[in-house]
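The values are calculated or read from the model by the stated rules, or taken from the named source; none is laboratory data. These figures come from a predicted structure and were not determined experimentally. Using ideal geometry, Cβ is built from the backbone for each residue, glycine included, and neighbour counts are taken over all protein chains shown.
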Amino acid sequence: MAIPVNSSQSPILSLNGIVKTFPGVKALSSVSLDLYAGQVTALIGENGAGKSTLVKVLTGIYQPNSGTISIDGQVVSLATPTHAARAGVTAIHQETVLFDELTVAENIFIGHAPRTRFKLVDWRAMNRNAAALLEQIGASIKPTSLLRDLGIANKHLVAIARALSIDARVVIMDEPTAALSYKEIEELYLLVEQLKADGKAILFISHKFDEIFHIADRYSVFRDGELVDDGMIADTSSATLVKKMVGRSVGSIYPSRTNELGETILRVEGFSHATEFDDINFSVKKGEILGFYGLVGAGRSECMHSLFGVTRPSAGKLTVSGKSVTLKSPADAIAHGLVYVPEDRGQQGAITGLSIVDNIALPSMKATSNKGFVRMAQEYALARDYTQRLELKAAALDQLVGELSGGNQQKVVIAKWLATKPAIIILDEPTKGIDIGSKAAVHLFMSELASQGLAIIMVSSEIPEIIGMADRVIVMREGRQVAEIESESVSPELLVSAAAGIAEAGTA
Amino acid sequence: MSSTDTKQGTSIPDRLRSPFTRAITSWEFLLLCVAILIFFLNVQASPYFLDPWNLSDATFNFTEKAMIAFAMALVIISGEIDLSVASIIALVSTCMGFLVQLGVDTPALVAAAILVGAACGAFNGVLVAGLGLPSIVVTIGTLSLFRGIAYIVLGDKAYSGYPESFAFFGQGYVWWVITFEMVLFAVVALLFYVLLHRTSFGRSTIAIGNNPTAALFAGIRVARVKFFLFVLTGIMSAVAAVCLTSRLGSTRPSIAAGWELEIVTMVVLGGVNILGGAGTIPGVVIAAIVMGMVTFGLGLLNVPGIVMSIFIGLLLIGVIALPIIIRRARQRVGS
């Protein structure tokens, strides 16, 4: 165990020998973790390392099979989320768990709203307090606006205000920057500094190393449900952490590729939507990786949804393999060899209540079935093949996808689309929220697919990924296509300025 | 990039538990035990229960309802519900009665029944799948609408005078004590088993019930599947209407009143998740037999109808609550 900054300081929260098992999987085996006031502890680990399980134990969603949780040296039981909140533990999740149809103030104070003497909700006090909290964190949000009208970054701010309102002492941030743009991340950093100054203990979960070194004081590395190392950030390097995290050293993150580009397979002309995007023009060749960069909300996903036939475009022409087509539904798109791996894997990608094999076989049912009758042997063969190629970690192929970790769920989602043997694949934020090891595997797989002649459209908000993977980049801003950049001339500055709409002052 | 093959390319086993352990820990197995228990209770309760002709009579308690329950199971698995089924029976029966007055014979009667049932189902289907309205509201509406039409046509009168050949569907015996309805029940059960568990269509239905958005993204034509499920339920209601009308020999507008409740109970008792996404046909078959035996057993003991209705209500609440309570208890224990 490492020595705290101030050795007289004792941890606010301590986990001791926590064990949590699920059927067929030991998610946490005898894990210990200490969180100190005014310090940020980074929780690092690959997908399936047990990070999410630990968060659920801390917030009272899961009960550990054994081990103790103590706060200020007192052993406590976090039997329900309410108990956890009362004990001063709060979590800000990857995908915020707030109420879209309630106001900002209601979201902040739900469960502990100020009351009038008739025990009714004191709306004026609630809105006043909410405004004060929001001002404290420098958020310009009206307490009376509905949550659904806010962007994802502002929703995070509301979640943080909520954490402050319950006077939390331990704040868990589960990949808070995953959905944020560059500028929003900077603002989040300031907030974290403020929480630190207020003496909160912060558990910060992230896959981004620059972020961890920027913000964290200490670290804990998890691998396969075990704590492999912990200590002070100042005493380590990212290379050491990566090595501990994956149990081996990872070389260059992006595979080098020299591709022969084939003929143009998809051409999009004048593609427009009533509200989301306007006049998009591009084409993709076989073997090419076309990047789509932009800030969150630039209309990239919306454009891809229309391409895939989920929403109707208002105008535009699509040409697939030289033939003009209209795609009225995803079924049409799949039939033409165009598939889309959605960004929101929980809602649009995976069917968490079904097994791995059912998920993978679903879009390929035409191929695995015979005259409408399913053939289980074919389905299992398909699932076995693709799960092996993507190095999926699971107890069995009939395990429910909902029981897998985020990164493994993403592998199932990618597998199910690849199994349809598409000609064009759209990957929307393919490595969002997955760890370095899985990321590298996905990138390597992408370049393999491209070299096999698949046309890839990759929507990504991560600049290194865009620069490392794409042959050509299209930048979108506010629903419009604002730049098209070849890989030789692409640079982070160019991407950021195009996406943010900053006039270039003669640079590059 | 250094190769990733240092990570052992382990293959994942196909199944976590053997089909046998899966079977004996299933809801269906529990239900089967309950069925056997009720059978012996009935044997104890009444000396007349074991009489073959008595048992044969007992099957009428569930065969017609179960035929609709199979289609209803698919609708509920897809995340929807159809509460208009009993009213479809009333409308279909009324149409047949009307045609009988015009001198139409059996084959055309049956054809007309199926057509009217399919049309009623298609009407529900267009509103739910086409316009995207919530099925619970739509089918409460058509529950009133379809039976309302029957009341307007019939008032307090009744149609009778069905042709003699028509009587076979509800009163005919295929061999010894085996009725035509029993055979039809078995055939329909088998067809629905294949449809749900062995076809792409069944897979699509389960996927839609689990997550309609992800199903749509996976290339399933969600609206089309749902539309077809409502048409199928309409057709099965018509089949049940033919059997019931034939058995009663007459049509009143109050025919099959309240059946939708019993059919939904049967489906949920069979282990179909009321929230959609999961369920099996064998479960519904056993549930149908359980409910038929319970009703018949209570009848032999001269329990009045109102008590049976209370029993059905309690059963419905119980079977919805039980799996949820069990799941929570399991979570408490952890693993």
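Just to be sure before I move on: is residue A:366 in a loop (DSSP other than H, G, I, E, B), closer than 20 Å to residue B:225 by Cβ and either of a type in the set (S, T, N, Q) or more than 7 Å from every other protein chain (Cβ to nearest Cβ) (or both) in the structure I sent? Lay out the reasoning, then the answer.
On the way: in a loop (DSSP other than H, G, I, E, B): no; closer than 20 Å to residue B:225 by Cβ: yes; either of a type in the set (S, T, N, Q) or more than 7 Å from every other protein chain (Cβ to nearest Cβ) (or both): yes.
No; evaluated as a whole, the condition is false for this residue.
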Condition set more than 11 Å from every other protein chain (Cβ to nearest Cβ) and among the aliphatic types (A, V, I, L, M), scope the range A:305-326, selection farthest from residue A:482 (Cα to Cα): answer is A:325
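Return yes or no: is residue A:203 within 22 Å of residue A:71 (Cα to Cα), at pLDDT 80 or above and touching a Ser or Thr at 6+ places or on another chain (Cβ under 7 Å)? Quick ask: steps written out before the conclusion?
Numbers: within 22 Å of residue A:71 (Cα to Cα): yes; at pLDDT 80 or above: yes; touching a Ser or Thr at 6+ places or on another chain (Cβ under 7 Å): yes.
Answer is yes for this residue.
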Conditions (1) of a type in the set (Lys, Arg); (2) touching a helix residue (DSSP H, G or I) at 6+ places or on another chain (Cβ under 6 Å); (3) within 13 Å of chain A (Cβ to nearest Cβ) -> residue B:224 fails only (2)
Restricted to the range A:334-363 and to residues being over 21 Å from the mean Cα position of the chain (by Cα) and among the small types (Gly, Ala, Ser), the residue farthest from the other protein chains (Cβ to nearest Cβ) is A:337
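Filter the helices (runs of 4 or more DSSP H) completely within the range A:157-247 down to those with at least 1 residues that are in contact with a His (Cβ under 9 Å, 6 or more places away or on another chain).
Working: elements: A:182-197, A:209-215, A:238-246.
Qualifying helices (runs of 4 or more DSSP H): A:182-197.
Does residue A:57 fit the bill of being within 14 Å of chain B (Cβ to nearest Cβ), in contact with a Lys or Arg (Cβ under 8 Å, 6 or more places away or on another chain) and in a strand (DSSP E or B)? So that I can check it myself, show each step before the final result.
Values: within 14 Å of chain B (Cβ to nearest Cβ): yes; in contact with a Lys or Arg (Cβ under 8 Å, 6 or more places away or on another chain): yes; in a strand (DSSP E or B): no.
When the stated conditions are applied, residue A:57 does not pass them.
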Subset of the range B:22-53, residues hydroxyl-bearing (Ser, Thr, Tyr) and closer than 19 Å to residue B:319 by Cβ, comes to B:25, B:26
Per the filter on the range A:117-156, residues over 24 Å from residue A:186 (Cα atoms), touching a Phe, Trp or Tyr at 6+ places or on another chain (Cβ under 9 Å) and not in a strand (DSSP E or B) are A:126, A:129
| Any hit, the range A:402-423, residues being in contact with a Ser or Thr (Cβ under 6 Å, 6 or more places away or on another chain) and of a type in the set (D, E, K, R) | no
Going through (1) surrounded by fewer than 20 Cβ atoms within 10 Å (Cβ to Cβ); (2) closer than 30 Å to residue A:344 by Cβ; (3) touching a strand residue (DSSP E or B) at 6+ places or on another chain (Cβ under 8 Å) one by one, residue A:195 fails only at (1)
Here the residues within the range A:60-92 that are more than 25 Å from the chain's Cα centre (by Cα), more than 14 Å from chain B (Cβ to nearest Cβ) and within 21 Å of residue A:159 (Cβ to Cβ) are A:82, A:86, A:87, A:88
Screening B:247, B:198, B:224 for residues that are free of Cβ contacts under 8 Å to residues at least 40 places away in the same chain and surrounded by fewer than 21 Cβ atoms within 10 Å (Cβ to Cβ) leaves only B:198
Checking B:254, B:237 in turn, the sole residue that is of a type outside the set (Lys, Arg), away from every other protein chain (no Cβ under 14 Å) and surrounded by fewer than 21 Cβ atoms within 10 Å (Cβ to Cβ) turns out to be B:254
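Restricting attention to the range B:155-168, does a residue exist that is more than 20 Å from the chain's Cα centre (by Cα), part of a strand (DSSP E or B), in contact (Cβ under 8 Å) with a residue 40 or more places away in the chain and buried (at least 17 other Cβ atoms within 10 Å of the Cβ)?
Of the residues in the range B:155-168, the ones more than 20 Å from the chain's Cα centre (by Cα) are B:155-168.
Narrowing the set further to residues that are part of a strand (DSSP E or B) leaves B:159.
After this cut, where a residue has to be in contact (Cβ under 8 Å) with a residue 40 or more places away in the chain as well, the list is B:159.
Okay, now just the ones that are also buried (at least 17 other Cβ atoms within 10 Å of the Cβ), so B:159.
Within the range B:155-168 (the criterion being more than 20 Å from the chain's Cα centre (by Cα), part of a strand (DSSP E or B), in contact (Cβ under 8 Å) with a residue 40 or more places away in the chain and buried (at least 17 other Cβ atoms within 10 Å of the Cβ)), the answer is yes, since at least one residue qualifies.
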Review point. Is the range A:454-472 home to any residue that is within 12 Å of chain B (Cβ to nearest Cβ) and modelled with pLDDT of 85 or more?
Key: yes
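Which of the following residues is farther than 26 Å from residue A:458 by Cβ and either more than 11 Å from chain B (Cβ to nearest Cβ) or of a type in the set (Phe, Trp, Tyr) (or both): A:378, A:399? Walk me through it before giving the result.
Working: A:399 fails: either more than 11 Å from chain B (Cβ to nearest Cβ) or of a type in the set (Phe, Trp, Tyr) (or both).
None of the other options fit; the residue is A:378.
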Of the residues in the range A:206-227 that are at pLDDT 90 or above and β-branched (Val, Ile, Thr), the one that is farthest from residue A:92 (Cα to Cα) is A:221
Within the range B:101-144, the residues that are among the hydrophobic types (A, V, I, L, M, F, W, C) and closer than 13 Å to residue B:242 by Cα are B:108, B:109, B:110, B:111, B:112, B:113, B:114, B:115, B:116
Here the qualifying pairs (Cβ atoms under 7 Å; residues six or more apart or on different chains; first in the range A:309-327 and more than 15 Å from residue A:270 (Cα to Cα); second surrounded by fewer than 16 Cβ atoms within 10 Å (Cβ to Cβ)) come out as A:309/A:328
Within the range A:201-245, the residues that are out of contact with any helix residue (DSSP H, G or I) (no Cβ under 8 Å at 6 or more places or on another chain), closer than 26 Å to residue A:160 by Cα and crowded, with 19+ Cβ neighbours inside 10 Å are A:201, A:220
### Query
Do we find that residue A:352 is among the hydroxyl-bearing types (Ser, Thr, Tyr), in contact (Cβ under 8 Å) with a residue 40 or more places away in the chain and not in a strand (DSSP E or B) in this structure?
yes
>> Would you confirm, using the coordinates I've provided, whether residue B:87 is part of a helix (DSSP H, G or I), of a type in the set (Ser, Thr, Tyr) and in contact with a Phe, Trp or Tyr (Cβ under 6 Å, 6 or more places away or on another chain)?
In response: yes
Pairs returned, first residue in the range A:106-123 that is closer than 21 Å to residue A:157 by Cα, second residue that is hydroxyl-bearing (Ser, Thr, Tyr) and surrounded by 11 or more Cβ atoms within 10 Å (Cβ to Cβ), beta-carbon separation under 8 angstrom, 6 or more apart or interchain, are A:108/A:165; A:109/A:165; A:111/A:82; A:112/A:165
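Restricting attention to the range A:312-338, report how many residues are assigned to a loop (DSSP other than H, G, I, E, B) and crowded, with 16+ Cβ neighbours inside 10 Å.
Step one: of the range A:312-338, the residues assigned to a loop (DSSP other than H, G, I, E, B) are A:312-314, A:321-322, A:326-329, A:336-337.
Subset that is crowded, with 16+ Cβ neighbours inside 10 Å: A:313, A:327, A:329, A:336-337.
Residues that pass the stated criteria total 5.
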